[in-house]
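Below are the structure tokens for one structure; questions will follow.
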Amino acid sequence: MTIASDVSDAPATPAPEHAPPCAMVIFGGSGDLTKRKLVPALYNLAAGDLLRQEFAVIAIARADMTSEAFRQKIDADLHEFATMPIDQAIWDRLRNSIYYVAGEFGDAGTYARLEAQLGEVDARHTTGGNHLFYLATAPEFFAGIVAELSRAGLLREDKGAWRRVVIEKPFGRDLDSARQLNQELTGVLHERQIFRIDHYLGKETVQNIMAFRFANGIFEPIWNRRYVDNVQITSAEEVGVELRGGYYDTAGALRDMVPNHLFQLMTLTAMEPPISFDANAVRDEQTKILKAVQPMTHEEVLTKTVRGQYGEGVVREERVAAYRAEPRVPPESGTETYVAMKMLIDNWRWADVPFYLRTGKRLPRRVTEIAIQFKRAPFVLFRDTPVERLSGNRLVMHIQPEEGITLRFSAKVPGPHVHLGSVSMDFKYSDYFGATPSTGYERLLYDAMAGDATLFQRGDMVETAWNVVDPILDVWKSLSPRNFPNYRAGTWGPAQADELLQRDGRKWREIPT
């Protein structure tokens with residue numbers, strides 16, 4: 001069953017405003033993130049008429065090349081990674097506003113050259129002295145780059161111009177390092193200038209969680225412990241670590257995914273209604289959920305969390321290697337590529353409702369979703385009918401690769417006897433509103449330019465998330481896994497993950513492959 005698409009009675013959507021004039025400086029300008037995501041996202045913004053003419057980009061990287069040579073490089077990159085057909089006139093206009101500065105991130109000379117280039121760009125493109133610094137680099141460079149920007153006077157806000165810094169995850173490796181990074185950042189920046197980016201929050205369905213919950217009177221009244229049996233959040237990837245083995249083996253699935261992606265999804269699902277859509281009002285409610293997460297003792301870590309590592313197997317009919325056979329991964333690595341856990345939130349709305357989280361690599365398909373499993377209706381009405389059991393209703397928010405919402409409920413099968421069947425109502429963004437080519441970064445870049453931090457993590461959120469994760473890291477560090485690899489590539493993870501729910505009389509939602 002598919003929901004009918006009728007928006008004839010809906011008010012016209014107002015045209016979005018242009019992002020304000022600014023110069024965007026990308027540290028790591030020749031890296032994968034820039035060519036695969038940032039440049040295509042900027043092109044999509046330009047194609048959507050969301051960038052002003054008063055906009056320019058300065059890329060910074062080590063390689064010695066001119067601005068024109070860099071333009072030729074990203075021209076080829078965009079044609080490879082664009083998410084929509086390229087309008088050459090739009091691209092030429094954006095391409096000609098892109099510049100390049102060569103230099104080491106720790107060299108003061110780099111920042112002197114950057115300052116000179118910014119002066120030229122501000123004058124040529126009338127950007128108003130507004131500067132957005134995007135740190136598309138390895139995390140060990142974050143604090144150093146910000147410190148050098150400060151020493152060069154490039155973070156100073158005067159004459160009405162703003163300075164903002166966008167930082168990619170991971171935000172630290174544990175609570176102590178996250179605190180240290182926050183202290184180093186806030187030592188030279190105001191919190192309002194710091195934008196900690198999580199590209200999952202650029203997904204339309206993630207942004208729609210608040211609209212779905214708080215704008216629909218039929219759902220918000222049942223979004224609580226009285227009606228919800230459990231919540232399952234899944235973020236699965238088909239791919240392995242590919243060429244990121246060197247980084248991934250020092251991080252693992254827990255650090256890489258849980259304190260940022262999964263906790264963001266959990267807090268948006270569980271939070272109380274904010275008093276407004278003001279950035280701090282929303283993030284206040286998210287932080288309250290993280291603070292309400294029931295802390296795990298070291299003994300509970302052993303019963304409420306599961307870690308796994310993939311062995312060789314078959315994904316999409318292709319045989320793939322085990323994690324330990326991937327490039328730059330030690331042959332006896334104990335790093336987890338899969339995590340499952342049971343979280344409890346100690347507040348009035350969610351007391352005793354388990355939140356089951358799982359994420360992993362080399363699973364059967366790429367999918368991110370939030371499944372709300374509602375409690376079963378009382379059986380008494382059907383006791384003298386052929387109906388043997390009632391299934392609970394389930395609401396699934398699909399985040400990627402297809403964005404949409406599915407509601408499952410029971411209906412009577414036609415015929416003289418009472419038989420029930422499960423049916424689904426499916427809403428897909430592409431069917432209802434049309435497909436919008438996206439990298440997931442467009443909304444986040446636009447918001448950073450506009451100064452809207454709603455979809456970015458605040459410093460206290462980061463530290464609170466690590467506070468939840470730290471006990472798990474401590475136990476896993478002290479007890480090396482003895483059974484790795486413990487799931488085959490192409491399966492849904494180790495058997496212990498199924499047992500985690502079976503002990504509660506539940507099971508993971510079966511995701512079609």
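The values are calculated or read from the model by the stated rules, or taken from the named source; none is laboratory data. Quick caveat: nothing in here was measured; it's all calculated off a predicted structure. For neighbour counting, all protein chains shown are included, and Cβ atoms are generated from backbone atoms with ideal geometry for every residue, glycine included.
Given the conditions (1) in contact (Cβ under 8 Å) with a residue 40 or more places away in the chain; (2) closer than 26 Å to Glu242 by Cα, which single one is not true for Glu332?
Going through the list (1) in contact (Cβ under 8 Å) with a residue 40 or more places away in the chain; (2) closer than 26 Å to Glu242 by Cα, Glu332 breaks only (1).
Of the residues in the stretch 83-97, how many are in contact (Cβ under 8 Å) with a residue 40 or more places away in the chain and over 28 Å from the mean Cα position of the chain (by Cα)?
Looking only at that region, the number is 4.
Does any residue of the stretch 101-111 turn out to be in a helix (DSSP H, G or I), in contact (Cβ under 8 Å) with a residue 40 or more places away in the chain and surrounded by 13 or more Cβ atoms within 10 Å (Cβ to Cβ)?
Yes, because at least one residue in the stretch 101-111 is in a helix (DSSP H, G or I), in contact (Cβ under 8 Å) with a residue 40 or more places away in the chain and surrounded by 13 or more Cβ atoms within 10 Å (Cβ to Cβ).
Moving to a separate point now. Consider Arg173 against the criteria (1) buried (at least 19 other Cβ atoms within 10 Å of the Cβ); (2) charged (D, E, K, R); (3) more than 23 Å from Arg113 (Cα to Cα): it satisfies all of them except one. Which criterion is unmet?
Result: Arg173 passes all but (1).
Now a separate question. Answer with yes or no whether Glu120 is assigned by TED's automatic domain parsing to the domain that holds Ile145 and either within 27 Å of Pro139 (Cα to Cα) or at pLDDT below 95 (or both).
Judged against the criteria, Glu120 is not a match.
Also, quick follow-up: Suppose we filter the stretch 98-148 for residues that are in contact with a Pro (Cβ under 7 Å, 6 or more places away or on another chain) and over 12 Å from Phe55 (Cα atoms); how many remain?
Going through the stretch 98-148 one residue at a time, the tally reaches 1.
Now a separate question. Looking at the stretch 241-252, I want the residues that are over 17 Å from Leu473 (Cβ atoms) and have a partner that is hydroxyl-bearing (Ser, Thr, Tyr) and surrounded by fewer than 19 Cβ atoms within 10 Å (Cβ to Cβ) with Cβ atoms under 9 Å, at least 6 apart or on another chain. Which pairs are those?
Filtered contacts from the stretch 241-252: Val241/Tyr247.
Specify the residue that is nearest to Thr297 (Cα to Cα); the eligible residues are those in the stretch 461-483 that are buried (at least 16 other Cβ atoms within 10 Å of the Cβ) and not hydrophobic (A, V, I, L, M, F, W, C).
Checked the stretch 461-483; the qualifying residue nearest to Thr297 (Cα to Cα) is Pro471.
Look at Ser235 and say whether it is within 24 Å of Thr464 (Cα to Cα), free of Cβ contacts under 8 Å to residues at least 12 places away in the same chain and assigned by TED's automatic domain parsing to the domain that holds Arg376.
Numbers: within 24 Å of Thr464 (Cα to Cα): yes; free of Cβ contacts under 8 Å to residues at least 12 places away in the same chain: no; assigned by TED's automatic domain parsing to the domain that holds Arg376: yes.
The answer is no for Ser235.
How many residues are in a helix (DSSP H, G or I) and more than 18 Å from Arg36 (Cβ to Cβ) when one looks only at the stretch 71-100? Walk me through it before giving the result.
Let us first name the residues in the stretch 71-100 that are in a helix (DSSP H, G or I), namely 71-81, 88-95.
Okay, now just the ones that are also more than 18 Å from Arg36 (Cβ to Cβ), so 88-90, 92-93.
Number satisfying all stated conditions: 5.
Starting from the stretch 430-457, keep only residues that are surrounded by 15 or more Cβ atoms within 10 Å (Cβ to Cβ), then list their pairs with residues that are at pLDDT below 85 and among the basic types (Lys, Arg) whose Cβ atoms are within a distance under 7 Å, requiring at least 6 positions of separation or different chains.
Gly440/Lys203
Going by the structure shown, is Ala152 out of contact with any Leu (no Cβ under 9 Å at 6 or more places or on another chain) and not assigned by TED's automatic domain parsing to the domain that holds Leu455?
no
Only one of these is at pLDDT below 95, assigned by TED's automatic domain parsing to the domain that holds Ala147 and closer than 23 Å to Phe141 by Cβ: Gly31, Gly103, Gly48. Name it.
From the options Gly31, Gly103, Gly48, the qualifying one is Gly31.
Rundown of residues vs (1) modelled with pLDDT under 90; (2) among the hydrophobic types (A, V, I, L, M, F, W, C); (3) exposed (fewer than 14 other Cβ atoms within 10 Å of the Cβ), yes/no style:
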site	(1), (2), (3)
Trp350	no, yes, no
Val367	no, yes, no
Val380	yes, yes, yes
Thr385	yes, no, yes
Arg408	yes, no, no
His417	yes, no, yes
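Against the definition (among the hydroxyl-bearing types (Ser, Thr, Tyr) and crowded, with 21+ Cβ neighbours inside 10 Å), how does Thr127 come out, yes or no?
For Thr127, the condition - among the hydroxyl-bearing types (Ser, Thr, Tyr) and crowded, with 21+ Cβ neighbours inside 10 Å - is met.
Give Glu68, Glu54 a once-over and let me know the one that is buried (at least 18 other Cβ atoms within 10 Å of the Cβ) and of a type in the set (Asp, Glu).
On the way: Glu68 fails: buried (at least 18 other Cβ atoms within 10 Å of the Cβ).
Exactly one residue qualifies, and that residue is Glu54.
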